[in-house]
Amino acid sequence: MPQPKPKLLDQVRNLIRVKHYSIRTENAYTKWITRFILFNNKKHPNEMGENEIRQFLTYLAVKNNVSASTQNQALNALMFLYKRVLKKDVGDIDGFERAKRPERLPVVFSYRETQLILQKMEGTYRLITGLLYGAGLRLIECLRMRVKDIDFDYDQITVRDGKGQKDRVTVLPQSLKKRLLLHLKKVKALHDEDLHDNLGEVYLPYSLAVKYPNAAREWQWQYVFPAAGLSKDPRSGAIRRHHAAEASVQKAVKEAIKKTGITKGGTTHSLRHSFATHLLEKGYDIRTVQELLGHKDIRTTMIYTHVLNRGGKAVRSPLDW
């Protein structure tokens with residue numbers, strides 16, 4: 001007897017997992033597809049097309065006043081639904097009211113301000129924020145980092161599956177190496193305890209989990225910054241130790257900024273902005289900074305400064321000056 005066809009959202013989830021998209025992308029896409037269907041009075045997407053998509057995207061910009069990035073995410077979700085899941089050509093969607101993309105300069109801390117903020121951080125949070133600034137990492141890149149991604153001999157960090165699903169290499173601050181090694185000893189002890197309790201398995205992308213079935217319990221694949229407690233994987237139902245939560249780091253950084261008396265505001269991402277700006281101020285070549293940040297387009301890096309290119313220097317982390 002043939003199996004019944006999965007429901008539409010289950011089809012979306014299944015294809016997202018086959019393509020190894022993150023759980024964040026899965027949640028975002030299913031949310032936008034659901035909103036699109038509800039907006040059109042629960043009509044099935046097969047009965048709709050470019051006109052309904054255009055109307056929905058215009059509604060988001062005009063009535064809901066969403067940001068340009070949010071509207072683009074909704075568009076990407078609907079294109080995924082039609083082109084990948086339903087295999088239906090809806091043409092080049094255009095003519096909808098586009099949300100305005102504000103031209104904002106990033107919040108950048110001075111070198112002195114950055115040091116004040118780092119001094120207000122404690123424990124693991126200080127180590128994480130040191131890497132955000134000292135290596136120019138995005139917060140999620142830092143938290144998803146595995147033990148094997150740190151090369152202490154070559155003083156470098158490999159960022160796996162960064163923005164745009166690309167890998168890159170950035171600098172490991174020498175001044176953090178000792179603390180990082182001590183931190184990893186504690187993490188290793190925690191992992192050994194988990195293994196003793198017949199746990200210790202970490203999440204791996206599906207293709208890696210199939211190719212290396214025992215890798216999930218190996219030390220090299222563990223998160224550098226694991227969560228304090230165990231949790232249930234929303235996809236597989238397995239009990240695992242996930243990486244530390246973004247929200248807790250973001251809160252700690254905001255509190256540290258407040259304690260310093262700095263009035264700029266700023267977030268964890270401001271530390272990455274500061275990394276780029278300080279390197280350029282020091283005379284590092286903008287192409288080198290672009291590679292360290294993982295920017296696809298040099299124009300993204302150009303937002304930080306108009307300093308002339310001065311190449312030919314080996315990169316040292318600004319944390320080590």
Point-charge dipole on Cβ atoms (K/R +1, D/E -1) for the stretch 130-192, about Cα centre, debye to 20: 200
Residues F225, F109 arranged by fewest to most Cβ contacts within 10 Å: F225, F109
13 Å beta-carbon shell around I257, net charge (K/R +1, D/E -1): +4
Pairwise label distance in nanometres, L181 with A227, each label 7 Å out on the Cα-Cβ vector: 3.1
Residue pairs, from the table K186/K282; K188/K251; K5/K100; K148/K296; K31/K120, whose Cα atoms sit over 32 Å apart: K186/K282; K5/K100; K31/K120
Long-range HN-HN contacts of V159 with modeled amide H, under 5 Å: R168, V169, T170
Dipole magnitude of the chain, debye to nearest 20 (Cβ charges: Lys/Arg +1, Asp/Glu -1, about Cα centre): 420
Whole-Å distance, taken between Cα centres, linking the stretch 1-65 and the stretch 164-189: 38
Between helix 68-79 and the chain: long-axis angle, C-alpha atoms, 0 to 90°, nearest 10: 50
Angle in degrees between helix 123-134 and the longest Cα principal axis of the chain, rounded to the nearest 10: 80
Viscosity 1.567 mPa s, 4 °C: Kirkwood-radius Stokes-Einstein D of the stretch 8-85 over Cα pairs, µm²/s: 102
Summed side-chain charge close to A216 - residues other than A216 whose Cβ falls under 14 Å, Lys, Arg +1, Asp, Glu -1: +3
Total charge dipole magnitude, the stretch 154-249, about the Cα centre, Cβ charges on Lys, Arg, Asp, Glu only, Debye to nearest 20: 300
J(HN,Hα) series, the stretch 84-91, from Karplus relation 6.51 cos²θ - 1.76 cosθ + 1.60, nearest Hz, glycine and proline x: 9, 8, 7, 6, 10, 7, 10, x
Radius ratio Rg over Rh of the stretch 228-275, counting only Cα atoms, Kirkwood formula for Rh: 1.19
Helix axis angle, 177-196 relative to the chain longest principal axis, alpha carbon, degrees: 50
Among (1) 20.7; (2) 23.2; (3) 22.2, the entry derived from the coordinates for Kirkwood radius over Cα pairs in Å: (3)
Net charge of neighbours whose Cβ lies under 12 Å from the Cβ of D10, counting Lys and Arg as +1 and Asp and Glu as -1: +3
Gyration tensor over alpha-carbon atoms, the stretch 188-286, equivalent ellipsoid semi-axes in Å: 35, 19, 12
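Every number in this text was worked out from the coordinates using simple rules, so none of it is lab data. These numbers were taken from a predicted model, which means no experiment stands behind them. Ideal geometry is used to build each Cβ from the backbone, glycine not excepted, and the neighbour counts take in all protein chains shown.
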